[in-house]
Every structure is written in C-alpha cells, then in structure tokens.
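Input: a single structure, listed below in structure tokens.
The values are calculated or read from the model by the stated rules, or taken from the named source; none is laboratory data. Since the structure is predicted, the reported quantities are computational estimates derived from the model, not experimental observations. Every residue, glycine as well, gets a Cβ built from its backbone with ideal geometry; the counts of neighbours run over all protein chains shown. The area values use the complete protein model at the heavy-atom level, side chains included, leaving out ligands, DNA and RNA. Shrake-Rupley method; radii C 1.70, N 1.55, O 1.52, S 1.80 Å.
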Amino acid sequence: MTVSPDGLPRVVAIGFNKCATRSLARLFARSGHAAVHQKLPGRWRRRRKLGGIMRANQLAGRPVFSGVEQFVFYGDLIDSNRRGTFDGNSLFREILRDYPDTILLLNWRDREDWIRSRLRHGHGEFAAREQRLRGLASQGALCEEWRQEWEHHLAAVRAFMADRPSQLVEFNIDTDPIAGLIQRLPAYRLQATHFEDIGRSRGRRVPAWIEAAKAWIAHHRPRAQR
C-alpha cells in the first residue's frame, strides 16, 4: 500500500526524538489523521515500539511499515531498550523504496539543545542506558557520538533527497513558524491551533520529593527487551 488508507501520502518524521515528535503527532491526530508516536497501544500495557517493528521488517525483507500501514503520520522512530538501540529514522531510503509517495519530515533544532534535552530525558535514565548499550566510557563520549550521528543523518537525508525536494519538508522547531509547515502540507488541512510544544512542559518546577520519586521510577522500572 503505497499511500495511507485515506488516500494521502504518509508523512514520516525522520528527525531524532526530542525534536517535537509528540507535538507533531498531536498536530496530525487533532486534524483527523491516524498518527503513531513511538509506540503502538497493546493489551496489558505491552506496547510495541515503532522502531523495533521497522527493524524487524527490514531484517525479514518486508516493507518497512508492514503490519502498521494504517497510519498517516509516523514519528519518534527510536527503539531503545535494555538489550539494544536502533533508530528507524536511518531507514529513510527504505521508506521511500517501499512507499514512494511518502513525504519525509526532517524535524530538527539546535544540536546542543537537543543533546541537553536527551541528557535530561527520563531523569537521565535514557542517557545512562544509551551509554551502557554503546559501551562508552563517559557521558562526554556519548554526547560526541550523538553529535556525529546528528551531522551524518541530516547530511545524508539532504543529499539523498536533493533530486526530490517536493518530498522533503524541513522544520526547525526553534525558528520555523508552524504556519510554514502547514503551507507545505495543504492536503492534510492541518490547523496551527492544534500544535503545542508538549515536551517543554516537562521543565516545570515540581516539589523535590516528587522529582526524586519520578527519577527513581525512571531508573528502576522494568523495560521491554527486543
């Protein structure tokens, strides 16, 4: 199925997590489109990560979104768990191979702000897990690896899409107005009032005991294995 069930090309956010992926998913969902952000709902709180599904499909020789082709918007494609880490945004070539009409949305922000946001994610648990999974000796080494991945990914996407500019939409979440993104995607009838900066609200000050409890849970709760 090269287009989504409603006849529109799929829109896949191929930026990294912590780049307004949740806000973008909400924008499409509130505008009446089926949208998936990182995980698919499942029974008994067991939810499959989109990145893991994409990876499994790739290894099996199936279309990237096999089994989850019912969505219009896809975002936050990372699958980081206790046993490994994989980011489905690296499969942008395969996405266009399998679904040629897809629009790739390259959502990005200031790189160093992105790194700081990742370091805070999950009260530091995400960064600690990524450092362990990658076998890195320090958080500084992790940050440097993230920088290299950031630069490589953005450059690779832009080079690959140079001959099909109509299918690449860039969105700098720091500086680009949401109206500009909406104008690039008129068929989806998106509304600016449906876009909110959801993630940034996590920076609100809360009592110290609540912050400590949330941090403990983040570092100790069971996590799925691939």
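Pick out the one residue from Arg83, Arg62, Arg55, Arg47 that is in contact with a Phe, Trp or Tyr (Cβ under 7 Å, 6 or more places away or on another chain) and open to solvent by 40 Å² or more (accessible area, probe 1.4 Å).
So the residue among Arg83, Arg62, Arg55, Arg47 that is in contact with a Phe, Trp or Tyr (Cβ under 7 Å, 6 or more places away or on another chain) and open to solvent by 40 Å² or more (accessible area, probe 1.4 Å) is Arg55.
Exactly one condition in (1) open to solvent by less than 10 Å² (accessible area, probe 1.4 Å); (2) touching a helix residue (DSSP H, G or I) at 6+ places or on another chain (Cβ under 9 Å); (3) under 26 Å from Gln191 (Cβ atoms) is not met by Ser4; state its number.
The failed condition is (2).
Return yes when Arg118 is buried (at least 17 other Cβ atoms within 10 Å of the Cβ) and touching a Gly at 6+ places or on another chain (Cβ under 9 Å) and no when it is not.
Criteria not met by Arg118.
Taking only region 106-125 into account, find how many residues are of a type outside the set (Lys, Arg) and either modelled with pLDDT under 95 or more than 19 Å from His153 (Cβ to Cβ) (or both). Show your work before the answer.
Residues of region 106-125 that are of a type outside the set (Lys, Arg), as a first pass: 106-108, 110, 112-115, 117, 119, 121-125.
Still in the running and either modelled with pLDDT under 95 or more than 19 Å from His153 (Cβ to Cβ) (or both): 121-125.
Counting residues in region 106-125 that are of a type outside the set (Lys, Arg) and either modelled with pLDDT under 95 or more than 19 Å from His153 (Cβ to Cβ) (or both) gives 5.
Name the one entry in Arg118, Arg93, Arg109 that is charged (D, E, K, R) and out of contact with any Phe, Trp or Tyr (no Cβ under 7 Å at 6 or more places or on another chain).
Arg109
Are any residues in region 130-180 over 22 Å from Arg93 (Cβ atoms), touching a residue at least 60 places away in the same chain (Cβ under 8 Å) and not β-branched (Val, Ile, Thr), and if so, which ones?
If the condition is that a residue be over 22 Å from Arg93 (Cβ atoms), touching a residue at least 60 places away in the same chain (Cβ under 8 Å) and not β-branched (Val, Ile, Thr), then Asn172, Asp174 are the ones that fit.
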